[in-house]
Amino acid sequence: MPKVTARIGPMKNHDLMNDPFYAQLMFVIESAICMADKDAKKAGVRLTDSSIKSALNKARRITPQQVVTPLTKLECRDDFVEELARSIAANRELLAEENEDGGDKQEVSPADWKNAISAVEASLKVRRSTEPGTRYYLDYICDFIGEGKV
């Protein structure tokens, strides 16, 4: 997992996607989305933009105190959505913020994590069609993440 550097200065409410701190968090979330889509395709399951919206909503409600255990067998779209939500939630615990003084690392705050999920949702809304079963966001984000890892 990439190391997340601490956000310096006040949060930019108008556009979190341009804030380097949130961009790092969003990259982690969107990478998990792409991995889930890839795994679903291998299993013959087609995720849609609505599936991703559902997973993001579920991920927002999972707290670090809840046990996040992987599902043993993923057979249908709902299983992949549930597993994606768990994966997104688990990533928050793996990321740490560096203190400005170089001291101990701290978990990403729940508020910052929820803001990052909201920013991903905003991206999804921009690229999502109103037609059921579309994959505009998924196709876009997986191409984007693929380019970012090169």
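Consider the range 3-23 and keep the residues that are assigned to a loop (DSSP other than H, G, I, E, B) and buried (at least 17 other Cβ atoms within 10 Å of the Cβ). The one that is modelled with the highest pLDDT is 19. In the range 24-68, how many residues are surrounded by 14 or more Cβ atoms within 10 Å (Cβ to Cβ) and closer than 17 Å to residue 120 by Cα? Residues that pass the stated criteria total 28. Checked against the criteria, residue 110 counts as at pLDDT below 90 and farther than 22 Å from residue 43 by Cβ.
Considering only the range 46-60, I want to know if a residue exists there that is over 21 Å from residue 128 (Cα atoms), of a type in the set (Ser, Thr, Tyr) and either at pLDDT 85 or above or touching a helix residue (DSSP H, G or I) at 6+ places or on another chain (Cβ under 8 Å) (or both). No: zero hits. Pairs, please: C-beta under 7 Å, at least 6 apart or cross-chain, first residue at pLDDT 85 or above and hydrophobic (A, V, I, L, M, F, W, C) and in the range 84-103, second surrounded by fewer than 21 Cβ atoms within 10 Å (Cβ to Cβ) and not in a helix (DSSP H, G or I)? Every condition considered, the pairs that remain are 85/62; 89/62; 89/68; 90/68.
Selection over the range 109-150 of residues that are of a type in the set (Lys, Arg) and not in a helix (DSSP H, G or I) gives a count of 3.
The values are calculated or read from the model by the stated rules, or taken from the named source; none is laboratory data. Nothing here was measured: the structure is a model prediction, and the numbers come from that model. For neighbour counting, all protein chains shown are included, and Cβ atoms are generated from backbone atoms with ideal geometry for every residue, glycine included.
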